[in-house]
2 protein chains.
Amino acid sequence: MSSIADELTSALGPGKVVQDPAVLAAYAVDQAPVLDYQQPLAVVFAESVPDVQAAVRSCAARRVPIVARGAGTGVSGGAHATEGSVVLSLERMNRILDLNPDDETAVVEPGVVNADLNDAAARHGLMFAPDPASFTISTIGGNVATNAGGLRCAKYGVTRDSVLALDVVLADGSLIHTGHQTFKGVAGYDLTGLFVGSEGTLGIVVGATVRLKYLPREVHTIAAFYPDFRQAAAGVLAVGKARVQPAIMELLDGGSLVQLDEIHGSDLAGRGASLLLVQTDGFGAAAEADVVRDVLAAGGAVVTTEASEEAEHLVDMRRNSRGVEVDDQYRVGEDVAVPRSRLVDYVAALESLAETHEVRLKVVAHAGDGNLHPTFWVDRVNDLADAEAAARLNKALDASIAVALDMGGTITGEHGIGQYKLRWLSLEQPEPIRELQRRLKELFDPAGILNPGKAI
Amino acid sequence: MSSIADELTSALGPGKVVQDPAVLAAYAVDQAPVLDYQQPLAVVFAESVPDVQAAVRSCAARRVPIVARGAGTGVSGGAHATEGSVVLSLERMNRILDLNPDDETAVVEPGVVNADLNDAAARHGLMFAPDPASFTISTIGGNVATNAGGLRCAKYGVTRDSVLALDVVLADGSLIHTGHQTFKGVAGYDLTGLFVGSEGTLGIVVGATVRLKYLPREVHTIAAFYPDFRQAAAGVLAVGKARVQPAIMELLDGGSLVQLDEIHGSDLAGRGASLLLVQTDGFGAAAEADVVRDVLAAGGAVVTTEASEEAEHLVDMRRNSRGVEVDDQYRVGEDVAVPRSRLVDYVAALESLAETHEVRLKVVAHAGDGNLHPTFWVDRVNDLADAEAAARLNKALDASIAVALDMGGTITGEHGIGQYKLRWLSLEQPEPIRELQRRLKELFDPAGILNPGKAI
Ligand SMILES: Cc1cc2nc3c(=O)[nH]c(=O)nc-3n(C[C@H](O)[C@H](O)[C@H](O)COP(=O)(O)OP(=O)(O)OC[C@H]3O[C@@H](n4cnc5c(N)ncnc54)[C@H](O)[C@@H]3O)c2cc1C
Ligand SMILES: Cc1cc2nc3c(=O)[nH]c(=O)nc-3n(C[C@H](O)[C@H](O)[C@H](O)COP(=O)(O)OP(=O)(O)OC[C@H]3O[C@@H](n4cnc5c(N)ncnc54)[C@H](O)[C@@H]3O)c2cc1C
């Protein structure tokens, strides 16, 4: 019998199916910790919808698992290869097929990079609102499949809110079109919403019609330095109580400031133990910024009064704050969200957890949404100490999740369950909900070939 | 064997199961045209989640269809009783269980009236954004089940965008909780979104956790009168091109103005053949209103320059423009949506259709979303002429739907398919999509007792 790679090659034609070990290794994992490293059998670089259909059909015939992949920037292991799988890269399907400035919509292939769509939209005074910090590299297909959030989603919504319609290749290789080209539409069930955030387990997204929003003409950015982290978190609530809706509210703790200083040679840590970055936009940006400045100063912040250029630079630094770090068993970035009123409590709990378990901690948060990314890590010394440190790290992680859930939170605000967060899913979702999802999965993918072992 | 009504009474206790003919008649239909009048076997007035569970279990045991009902303001027949069914009214479950101004969320029973939640939220400077024109009477459960839109959803989103979590009684009487209490959350599939807009066919919504948005402090309203309808529709696009996002953009044609004049004794029709009402809100409201006024005046409108009080009054009149009309076979209100760029073409097509088929026409539109509500009607004369007129009406309806679909539109922007719009659904959705939905329905409701014959 021919190998699956041979069969894929004969089905798709030359240059699209790769088995070079370096490529297999590069496409075996995303940016999440690796629990069970598996090299894929092949990587397929689809160039068209029929390519995707042919690949799915070939894999379906042999029950070979297919792992869809955008840019591989996921941090939950959603794009990790699993045993005996084929990785299906959508990166070559990167054309913006239509951008209609009057309809305020765009139709894109899944491999279009978020920043490329935003550049194209900006020429018309429009933007694709979801802006994960990975926006310069992550793909629209990946954003859709994870329901990505970002910095400005407190005001502009998450990916779900910008997706009108999808083209999806199902587990049997058939192609469907869900949703509507109009801003609103309620005919039948929300299939589009079901595929958004399904992490490649229900179908392969091969096209998306997205709604674009208006690029704000005016932007004001405020940097507020605080003597401690909890006070900064309280600042987030104070802005809310003033009933001002900023586009961006990013919270950084002392550890994050130290890290930015190391990367950029700045001296942020010298200016405070925590930083709250607030950006207002639109026609009311200046008036909103005035209110925000007053409110934050009243809460103990040292607020930039100068023009917002420096603060904007800080937002850019924040967008890149993850740097080149990739998580592993000694460093894990989390993605919990808590109800807004619990932000201060949660931040306090994180600090005390890090102390109890003797692990290092830094936190950045999309604070307007109550979505926090604590990173726990341990310094490596030698094998023996490392194993013990990794165990402490895991205790801290588990505890941070438990506290978030206790406060009415979720284990994942935007990164998805992927493979890595499965261990906590049953703490958040009781069995009947999990069972319902298993049955949905079975309905869409009875043979279980689409990204098995992920998301649910 | 005892009757289903007896069984329900013994399961739920006294005072909750009604068979009084007047009540049966009142709860047999919503506000849509009636294709197949059916009197329900009984009306159940549930007062608690266990009541709903007991009712569903009793009906399930006998395979009696259950039609969930909020306020019965639906205009697609979603709440019409079907043969041998029990109507399950949620109107007594009308408590706001929690309203947390710091979390900016509320937890409500399904029978809470939209306006009551908004009143409660307003006391904290908050609002429940979805505002169907029926907001003073329709329920949150009904809004959720239809994914209701409204006037301000171009800026603030439809009901889906404000729902974080749901409590749902499934077809077997079990209770599940979907979603998350946080603004963001991506654990597993979007079950919440699947129930939103499912018109009571997948489960009974017995509780909702909703996100509240900030009540804007400043509101500017602009009334722009135009010499013809198409020019007014072009005004909508012009505002978009100026990249201003109003909260409200309502478009009314001449027929609607005449009707408002008849109800209110005003003289709107004397001021123009079409009216575009634009409301900007928030900190930038005044600046946005200035841009809007300039843009509309440049497009040929006579724009109110005075304070916006009069225009606000017009928005209130618009909210009530449906008046006490209930659709029947001689008068049908439609709910199409088209891509924004096609608004002018579509409005022109409607006018010519009305002429061709010799039917009367008036149109109001949530124009910012491209969502139009044309109402076609015929004057009644005598039985013979009426039958012929009803046939013309149906031709006009069918043609208006076909044209909307041709332009890339949908047959329902916000009202839902219900029972009445089923006849057009296959024109919008091909068989594979319909089949997928049937299978979803079967997964959730294998015996088919939840609002059969609706929505899909
Ligand atoms: C520096 C950095 C910053 C980040 N910041 C954010 C942030 O602010 N907000 C946020 O939400 N995330 C963030 N992320 C996580 C990640 O970038 C997002 O999840 C992003 O949406 C993934 O896109 P991708 O193209 O890289 O997808 P991948 O990582 O390749 O895939 C992600 C998941 O989607 C599936 N998938 C990908 N494409 C398709 C498709 N076409 N059809 C079906 N399934 C598909 C994969 O199987 C996998 O399960 C960040 C990551 C990094 C490294
Ligand atoms: C004057 C007027 C103006 C309107 N304006 C708008 C508008 O601007 N935008 C808009 O979107 N709609 C509008 N509508 C339509 C209607 O008001 C909405 O669809 C509304 O959401 C229905 O709410 P309801 O409580 O009356 O639900 P009902 O009419 O009782 O039910 C509607 C559907 O939802 C189901 N349902 C109700 N409650 C539940 C529940 N708890 N669980 C499960 N299923 C349930 C029913 O079975 C039915 O299928 C208008 C109607 C009128 C009469």
What order do you get for A:204-211, A:389-396 when each peptide is scored by the mean count of other beta carbon atoms within 10 Å, highest first? A:204-211, A:389-396
Using 1/(1 + (r/R0)^6) with R0 = 25 angstrom and r between the beta carbons of B:Asp267 and B:Glu325, what's the FRET efficiency to the nearest 0.05? 0.70
Relative to the longest principal axis of chain A, what angle (0 to 90°, nearest 10) does the C-alpha long axis of helix A:343-356 take? 80 degrees
Quick one: helix B:229-241 against the long Cα principal axis of chain B, what's the angle to the nearest 10°, folded into 0 to 90? 80 degrees
For a Förster distance of 51 Å, can you work out the FRET efficiency between the beta-carbons of B:Arg123 and B:Glu435, rounded to the nearest 0.05? 0.60
7 Å from Cα along Cα→Cβ at both B:Leu405 and A:Ala297: what's the point-to-point distance in nm? 6.1 nm
Please compute, for peptide B:156-166, the average count of beta-carbon atoms on other protein chains lying within 10 Å of each residue's beta-carbon. 2
Nearest 10 degrees, 0 to 90: helix B:254-264 Cα axis against chain B principal axis: 70 degrees
Size of the B/A contact, given as accessible area buried on both chains, probe 1.4 Å, in Å²: 6500 Å²
Counting partner chain Cβ atoms within 10 Å of every residue's Cβ in B:190-201, what's the average? 5
Out of every Cα-Cα pair in the stretch A:402-452, what percent are more than 12 Å apart? 70 percent
Could you give P(r) for the stretch B:96-214, binned at 10 Å from zero, as whole percent values over all Cα-Cα pairs? 15, 51, 30, 4, 0
When the convex hull of its Cα atoms is projected in every direction, mean area for the stretch B:331-417 (nm²): 5.2 nm²
Sulfur and carbon atoms: percent of accessible area, chain A [1.4 Å]: 52 percent
Three principal axis extents, largest first, for the C-alpha atoms of chain B, in Å? 71, 62, 44
How many angstrom lie between the Cα centre of the stretch A:250-276 and the Cα centre of the stretch B:128-159? 43 Å
Going by average Cβ neighbours within 10 Å, how do the peptides A:440-452, A:360-372 rank, with the highest at the top? A:360-372, A:440-452
By average C-beta atoms within 10 angstrom, highest first, the peptides A:62-70, B:398-406: A:62-70, B:398-406
Under the definition of partner shielding as Cβ atoms of other protein chains within 10 Å of a residue Cβ, what is the mean value for peptide A:332-341? 4
Label 7 Å beyond Cα on the Cβ vector: A:Gly448 copy-to-copy distances, nm: 3.1
Calculated from backbone phi, Karplus (6.51, -1.76, 1.60) coupling profile of the stretch A:128-138 in Hz, x at Gly/Pro: 8, 4, x, 9, x, 4, 8, 4, 6, 10, 6
If I histogram all Cα-Cα distances within the protein assembly as shown using bins 10 Å wide from 0, what percent of pairs lands in each bin? 2, 12, 21, 25, 21, 13, 5, 1, 0, 0
Between copies, how close do the A:Gln329 label points come, placed 7 Å along Cα→Cβ, listed in nm from shortest? 7.5
Would you mind listing the distances between the A:Ala385 label point and the same position in each other copy? Use 7 Å along Cα-to-C-beta, nm, one decimal, shortest first. 9.8
Just to confirm, what accessible area per residue do you get for chain A at 1.4 Å probe, in whole Å²? 34 Å²
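The values are calculated or read from the model by the stated rules, or taken from the named source; none is laboratory data. Computed from a prediction, not measured in an experiment: that's the story for all the values here. Quick reminder, even Gly has a Cβ in these numbers, built from the backbone with ideal geometry, and neighbours come from all protein chains shown. Quick note on the areas: whole protein, heavy atoms, side chains included, nothing else; ligands and nucleic acids left out. Shrake-Rupley method; radii C 1.70, N 1.55, O 1.52, S 1.80 Å.
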